[in-house]
């Protein structure tokens with residue numbers, strides 16, 4: 001993941017919390033802008049959000065056991081748009097594209 005962040009021009013992820021079967025990561029982009037990611041090894045769940053001023057403005061979530069993947073588009077973050085299963089690499093790429101479109105000034 002760190003390698004893909006570098007490739008996409010994003011800062012190195014920080015570990016926020018690490019447990020036996022899960023990890024929470026944060027990619028700080030600016031003072032009040034971050035990407036939060038959560039992965040659970042047991043359930044293979046991935047949840048993530050682009051947070052600006054404490055509000056989610058974009059997100060991607062995957063629940064492989066339930067066969068459900070969706071994103072929360074920047075145009076309507078409350079909406080669930082079904083997507084095909086994604087790898088962490090493709091999730092990071094999607095965030096890099098979204099950050100570019102929102103013209104967020106990075107650290």
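Every number in this text was worked out from the coordinates using simple rules, so none of it is lab data. The shown structure was predicted, so the numbers you read here are calculated from the model rather than taken from an experiment. So basically every Cβ, Gly included, is an ideal-geometry build from the backbone, and we count neighbours across all protein chains shown.
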Mean 1/r over all different Cα pairs, inverted: what Kirkwood radius does the stretch 49-107 give, in Å? 12.1 Å
Label-point separation, residue 30 to residue 12 (7 Å along Cα→Cβ), nm: 2.4 nm
Based solely on C-alpha atoms, express the radius of gyration and the Dmax of the chain in angstrom. 13.1, 37
Among 87, 47, 98, which comes first, second and so on when ranked by fewest other beta-carbon atoms within 10 Å? 87, 47, 98
For residue 80 and residue 19, FRET efficiency with R0 = 25 Å and r from the beta-carbon atoms, rounded to 0.05? 0.40
Per-pair calculated FRET efficiency, R0 = 30 Å: residue 2 and residue 65 via Cβ, rounded to 0.05: 0.65
Tell me, in nm to one decimal, what length is gained between residue 87 and residue 42 on full extension, where the rule is 0.36 nm per residue of separation less the Cα-Cα distance? 14.6 nm
Between residue 97 and residue 54, Cβ-based FRET efficiency (R0 22 Å, step 0.05) works out to 0.45
